[in-house]
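First the structure, in the form of structure tokens, and then the observations on it.
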Amino acid sequence: MHGYGEYSGYDSMSALIQHTVHKGSIAIYPRWQTAIATPCPGPFNIEPCIASAVNGISGALDYLRSSQKRVQPQLRKTSYFGFSFGGIVTANMTNRYQSLGLPKPQAVFVDDPHDGGFAQTGLDEPALDDSLAGIPPGTKFECHSGADGVISEPGKANSSCNALFPKLTSIPAKNKDLLLTHTDDHGQPTLSSGHGVCAADAQSLASARRTPTTGTSAGKCGTRSAAARSRATTARTRSATRESIARWATGATALRSRR
């Protein structure tokens with residue numbers, strides 16, 4: 001699921017969907033909007049958004065299972081992905097998966113989750129459930145933020161993964177991960193850490209596959225370099241600092257990339 005603005009169209013997620021399907025997985029792309037051209041109330045009232053997404057998932061599963069001639073989903077291997085506001089919807093859905101009748105999450109990946117912005121009120125991601133203890137302990141959970149994404153905006157340092165990760169109290173440390181990436185301009189194309197790097201178009205995806213990097217870009221979100229496979233959960237690009245890595249690894253607010 002995706003978020004607002006320029007990322008609200010299908011094209012922005014098409015490369016990721018194609019990549020997932022080509023790997024042999026079933027991709028269900030639910031629409032959390034409650035009308036074709038009108039978003040749901042969003043952070044003001046997330047419940048219609050969740051209901052719409054759940055209806056989409058349930059309807060797709062019913063359709064696939066209604067005929068043995070169609071590919072059959074393996075629900076014991078269900079994973080969830082959400083970007084921006086879709087990340088908040090995804091976190092809440094997997095937190096309530098039992099009451100919503102959804103498949104048990106085996107893995108959850110949320111990219112720069114954000115509910116649209118309430119920084120001026122002093123609240124960080126108010127649409128997010130107060131507790132995420134309903135997510136099963138065995139779930140592999142990864143939350144990705146870009147140093148130039150949501151947390152870099154004025155008044156939003158405690159938003160996105162910095163608001164979500166401390167609520168994952170039911171999941172042991174070995175099963176959850178924070179991934180902080182920094183813009184990497186060592187080569188071409190520059191690998192962005194802005195909002196939406198996991199929701200790139202096919203051209204960006206192809207460029208990322210051709211360009212070796214220790215950072216992240218479209219198609220490589222969630223793939224850490226060898227140097228990053230340590231207690232610190234960020235790729236060590238040129239702009240990373242030991243201070244930001246150490247703070248992020250403990251779940252503290254990440255510092256902005258130093259220019």
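The values are calculated or read from the model by the stated rules, or taken from the named source; none is laboratory data. These figures come from a predicted structure and were not determined experimentally. Neighbour counts are summed over all protein chains in view; Cβ atoms, including those assigned to glycine, are modelled from backbone coordinates with ideal geometry.
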So, of the residues in segment 61-112 that are of a type in the set (Lys, Arg) and surrounded by fewer than 16 Cβ atoms within 10 Å (Cβ to Cβ), which turns out to be farthest from residue 21 (Cα to Cα)? 104
Exactly one condition in (1) touching a strand residue (DSSP E or B) at 6+ places or on another chain (Cβ under 7 Å); (2) modelled with pLDDT of 90 or more; (3) among the hydroxyl-bearing types (Ser, Thr, Tyr) is not met by residue 170; state its number. (1)
Is segment 80-87 home to any residue that is under 19 Å from residue 59 (Cβ atoms), of a type outside the set (S, T, N, Q) and free of Cβ contacts under 8 Å to residues at least 40 places away in the same chain? yes
Which residue is surrounded by the most Cβ atoms within 10 Å (Cβ to Cβ), if the candidates are limited to segment 45-60 and must be in a helix (DSSP H, G or I) and touching a residue at least 40 places away in the same chain (Cβ under 8 Å)? 49
